[in-house]
Amino acid sequence: MLALALLALAGPAAAQQGSPLPNLPFPFPLPIPGAEPPAKPGAKPAPGPATRPGFTLPFLAPPLADVPPDSEAKRQVLGRYGPPMTGRWASLVSEVGARISQVTRPVSPPSGFPVTLINSKEVNAFAIGTGDLFVTRQLLALTNNEEELIGIVGHEVGHAIGRHAQQSEVAQGGRNGSVGLLKLLSPELANVMGVSSALVVRAFQRAQEHQSDVAGTKILADLGMDPMGMHRAIRILEADSNLQAALLGRSVQQGAMDYWLRTHPVSTERMGLIAAASRLAPTPSVRNDAAAYIKLLDGLVFDDAPEEGIVDGREFRHLGLNLAITAPPGGKLFNGKERVVLSGPTRIKGVMGGVSMEKGTEAAFVALWKAELDDVPPPTPTATTVNGRPALTGELTRKVQNGTVRVVLQLVPWNESLAMFMLAVDPDGAGKTALDGWLGSLRGLTPADQAAFRYRVVRAVQVAPGDTVASLAARMAYDDQPEARFRVLNGLGPDDRLTPGRWVKIIAWIREGLPARPTAQSGSKAIPAAPPPAPVGR
């Protein structure tokens, strides 16, 4: 039986990695439903569940202490992401935590697992060492029913029960703690130019992932739900990650975004384990009301939040900073966690962000160059203007294998304490016109910019007779790959079709409820004056 097999594996291996949960090597012996030898005539039935008796894994862990209402670790998370979201979507994830807490007793905290919804476009969910759980609104928007959400949160509960959050970490390398521009955008150029800073994300150990996968699967089964909910959710997140990589370029996507899959890598091994464990569970007894769930998500902000600035086609506009930039034709902008990223045209790459002018503009220029380009000597900046604003700019061209690389840094004082910087590389020197046009596009918001400002939200729509994937995808608030985005958003495979009456999600533009225009002193979560603290134990 599964429980006996796991108990047999729980000794030395668990002690070696310091986890109270058993080490789960793959493949471990799983009973196959229907493959048990037939009972002898007259034999008494074996004790335990009558259906698929292998799914009786106990939580082999001591109880968790109550989660403190406040802690330094939680403050660091909220310092990075901003205040928790409130309202019906926050209540949804909080209720999921309460239900999971009931079926994980006695090892769950006495008052249950608190789950916080954070206002982030990152696709992420994580636990920290206190027992706090966090889900981003973007991950929530990608789920299509309660089983998928519970599967992901249940997986994080497995990490909390196993104390994995105390053993795993997210580390940023580089002597200045910076993710260097070249390493983030163009690793091959970084190597030839000698830039050494890098981003290192340390994933959970394989055994920890297996433990949490089994925990999440069992939680769904104990709730009477389809234990394959987690399997489906992971496939959706994987499809979204692949889509973003295709849209932005894989190195940009990996450097600029935090994905659940970066610390929870998908493998055939993992997905096979989840499917095998799911086959041991009883037949689901709880009806999955996907329509009600999708309708509940209606109105949830998707991608950029209006207070963080919005990428709309080739434009980026930020109300709070009174700022706009335009990507050159053929280029794409991405509003990252701390910076706006330019990808293309050709091989041009760039970032825009904010930096403190506490020590003056020239000192900020030199500090930025060293932080982003490591030991590459900074050029002497020259004074110039950008759309009537004073600025400093400096550049160098370095010979590399098969050509040259042009690197440009522009620094524009924006208010009394904040300067905006734009740093770009042109790997082969062929994009001077496009790169210079991007640098020169930095401006205060014009009346046309203000009138065009809008943001994206989830809309729940019912499939009508004659609707197709293509016709509904045409209503999506994107010009690039709307059908691929629609399929990922709704968990549809490449050959899946729609039936009338089904409820699905689209992403639509709205202008209602825009934040009031803050003063010029206001900062930005998307482009802060200084890097925020990283989350703990993610």
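The values are calculated or read from the model by the stated rules, or taken from the named source; none is laboratory data. These numbers come from a predicted model, not from an experiment. Neighbour counts run over all protein chains shown; Cβ positions are idealised from the backbone, glycine included.
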Item to check | Leading residue by the ranking (nearest to the chain's Cα centre (by Cα)) among those in segment 429-464 that are among the basic types (Lys, Arg) and surrounded by fewer than 19 Cβ atoms within 10 Å (Cβ to Cβ) | outcome: Arg454
Checklist entry - Residues in segment 256-268: is at least one surrounded by 21 or more Cβ atoms within 10 Å (Cβ to Cβ), part of a loop (DSSP other than H, G, I, E, B) and at pLDDT 85 or above? => result yes
Checklist entry - Could you list, in sequence order, the residues of segment 66-116 that are farther than 17 Å from Glu146 by Cα, outside any loop (DSSP other than H, G, I, E, B) and under 21 Å from the mean Cα position of the chain (by Cα)? => result Ala73, Lys74, Arg75, Gln76, Val77, Leu78, Gly79, Arg80, Tyr81, Pro84
Checklist entry - Does any residue of segment 34-50 turn out to be at pLDDT 50 or above and in the same structural domain as Phe126 (by TED's automatic domain parsing)? => result no
Item to check | Identity of the residue in segment 350-380, touching an Asp or Glu at 6+ places or on another chain (Cβ under 9 Å) and assigned to a loop (DSSP other than H, G, I, E, B), that ends up surrounded by the fewest Cβ atoms within 10 Å (Cβ to Cβ) | outcome: Pro379
Checklist outcome for this item: Of Glu338, Glu315, the only residue that is farther than 28 Å from Ile234 by Cα, assigned by TED's automatic domain parsing to the domain that holds Leu439 and of a type in the set (D, E, K, R) is Glu315
Next on the checklist: Just the residues that are in contact (Cβ under 8 Å) with a residue 60 or more places away in the chain and in a strand (DSSP E or B), please, taken from segment 442-461.
Outcome noted: Arg443, Tyr455, Arg456, Val457, Val458, Arg459, Ala460
Checklist entry - Looking only at residues in segment 304-345 that are buried (at least 19 other Cβ atoms within 10 Å of the Cβ) and at positive phi, which one is farthest from the chain's Cα centre (by Cα)? => result Asn322
Checklist entry - Got a number for residues in segment 117-140 being within 16 Å of Ile234 (Cβ to Cβ) and assigned to a strand (DSSP E or B)? => result 5
Checklist entry - Assuming Asp449 fulfils every condition listed in (1) over 30 Å from Gly299 (Cα atoms); (2) in contact with a Lys or Arg (Cβ under 9 Å, 6 or more places away or on another chain) apart from one, which condition is it? => result (1)
